[in-house]
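Some notes on the structure that comes next.
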Amino acid sequence: MNQLIEHESLDEQNIRSRLTVRHLSVLASLGRHRNGHQVAAELNLTQPAISKAVREIEGIFNIKLFDSGRNGTHPNRVGEALINRAAALINQLGDTQREIEAIIQGESGSLRLGVIPFITPDLITQTLKRLHEKKINLTMEIREDTTTSLVNQLLAKELDCAIGRYANVREDELEQQILRYQRFSVVVSSRHPMLGAGKHITLEHTTDFAWIVPPPRTAARTMLSELFVKAGLRPPSVRIETSSLEVIKAALADNDLIAIIPTDIARHYALADQLRILPIDTDYQLAPLTLIRRRNETMLPSTQWFCEQLLAIGHAMDETHDAAPAAT
């Protein structure tokens, strides 16, 4: 039960003058561990010191943060809200530390980037190359996950920006810009029995073999399903469900399977003779890649520089009208 210590409005000046980084660290650690002993060990404090810090925070905000019950003490709704805010602020302090350290070391800043699995590496490497040509050097941390997970990390200020599909959740908190439109190609190994001299391959031929498919509710999986529906064919037989390009490439090499991956990545593998692209038209549906940032937030210079060049590279790489090479 949320009980006010004193029923009065919060004093912003009081919060600014009394709330300390130590208070924020205690709240963030409580959010991670939910255990006073572990928090004390992590922060190198005694448990009484942790309890005192919690009482001080409750006094600053004039409200109880934790409720006691049979299963111990747990944060209430206000406590959870403060824990989340504290974690975000601690992450921001970490951003500042990394930025300053990078500048001291002669770098231009640091960046934490989130990406979905089906991203061509060239999108990032060409962006970094262009920045380097402008004498801007970044230290980067790249995390791979689904768009939904990346958005959650972005809003928790664990990421600076993300590359994913359009996010339909918490849209009012996000700024989303299309980087480029991605198309997909159907691929097999260069030794697949479907291939043959002069053989005209259609989507129907693929129904005799099992597929490697992306996870449900992804752009590639939706496109694949609609491809079969449009052709009036039964859904493909699924052997493996993954977005890992390394797993897809290895599974294609060792099995008579079929997969669907972004065309730009497929071309890279085809040029290395690691797979073949089947002449199956998938152009009727394109999947936009989106640059996602927090709305109405002043970004660090390093993040701003990266996003500007990323957008320019993405638009330059757009392959909407390119033709995919056929399998031989």
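The values are calculated or read from the model by the stated rules, or taken from the named source; none is laboratory data. Remember, it's a predicted structure, so these values are computed and weren't measured experimentally. As a convention, Cβ positions derive from the backbone with ideal geometry for all residues, glycine included, and neighbour counts pool all protein chains shown. Please note that ligands, DNA and RNA were not included when accessible areas were found on the heavy atoms of the full protein model with its side chains. Shrake-Rupley method; radii C 1.70, N 1.55, O 1.52, S 1.80 Å.
Miscellaneous remarks
- GNM result for the chain, Cα springs below 10 Å: residue of I248, I50, I178 fluctuating most strongly: I50
- In region 235-321, chymotrypsin sites (Phe, Trp or Tyr not before Pro) in a DSSP loop with at most 10 other beta-carbon atoms within 10 Å: Y284
- Under the shape rule built on the C-alpha gyration tensor, where the axes satisfy a ≥ b ≥ c, region 83-154 is oblate, since a/c reaches at least 1.5 while a/b does not exceed b/c.
- Calculated FRET efficiency for the pair A231/L195, C-beta based, R₀ 22 Å, to 0.05: 0.65
- When Rg and Dmax are taken over the Cα atoms of region 109-198, they come to 17.4, 55 Å.
- Over region 181-247, the pair-distance histogram of Cα-Cα distances with 5 Å bins from zero comes to 3, 14, 25, 27, 19, 9, 2, 0 percent, rounded to whole numbers.
- With respect to the chain, whose longest principal axis is taken over its alpha-carbon atoms, helix 121-133 is tilted by about 70°.
- Choice from N14, N296, N35 with maximal GNM fluctuation in the chain (Cα, 10 Å cutoff): N14
- Estimated FRET transfer efficiency when R0 is 22 angstrom, pair E308-A156 (beta carbons, to 0.05): 0.35
- Using R0 = 25 Å, the C-beta based FRET efficiency linking I100 and A41 works out to 0.35.
- Relative contact order [Cα under 8 Å, 6+ residues apart], the chain, whole percent: 20
- Percent accessible area from carbon and sulfur atoms, region 103-205, protein chains only, probe 1.4 Å: 48
- √(5λ) per eigenvalue of the Cα gyration tensor, region 15-68, largest first, Å: 18, 13, 9
- If the chain linking E297 and H315 were pulled fully straight, counting 0.36 nm for each residue of separation and taking away their Cα-Cα distance, it would gain 4.1 nm.
- Sequentially through region 206-213, phi angles give Karplus couplings (6.51, -1.76, 1.60; θ = phi - 60°) of 6, 5, 7, 10, 7, 10, 9, 10 Hz, Gly and Pro residues having no value and appearing as x.
- Positive-pole candidate from I124, T146, G109, dipole of region 91-178, charges at beta carbon: I124
- Value of D in µm² per second that Stokes-Einstein yields for region 27-186, Kirkwood Rh from Cα pairs, at 25 °C (0.890 mPa s): 131
- Within the listed set Q153, Q97, Q47, the Gaussian network model of the chain (springs between alpha-carbon atoms below 10 Å) gives the highest mean-square fluctuation for Q47.
- For region 134-288, share of DSSP beta bridges that run antiparallel, in % to the nearest 5: 55
- When you filter the trypsin sites (Lys or Arg not before Pro) in region 34-98 for DSSP loop state and at most 12 other Cβ atoms inside 10 Å of their Cβ, you are left with R70.
- With each label modelled as a point 7 angstrom along the Cα→C-beta vector, the I15-N168 pair spans 3.4 nm.
- Here the Kirkwood formula, the inverse mean of 1/r across different C-alpha pairs, assigns region 225-284 a hydrodynamic radius of 12.8 Å.
- Potential lengthening between E141 and R32 on full extension [0.36 nm per residue; Cα-Cα distance subtracted]: 37.1 nm
- Placing +1 on the Cβ of every Lys and Arg and -1 on the Cβ of every Asp and Glu, with nothing else charged, gives the chain a dipole about its Cα centre of roughly 440 debye.
- Stokes-Einstein D in µm²/s, Kirkwood radius over Cα pairs - the chain at 4 °C with 1.567 mPa s viscosity: 56
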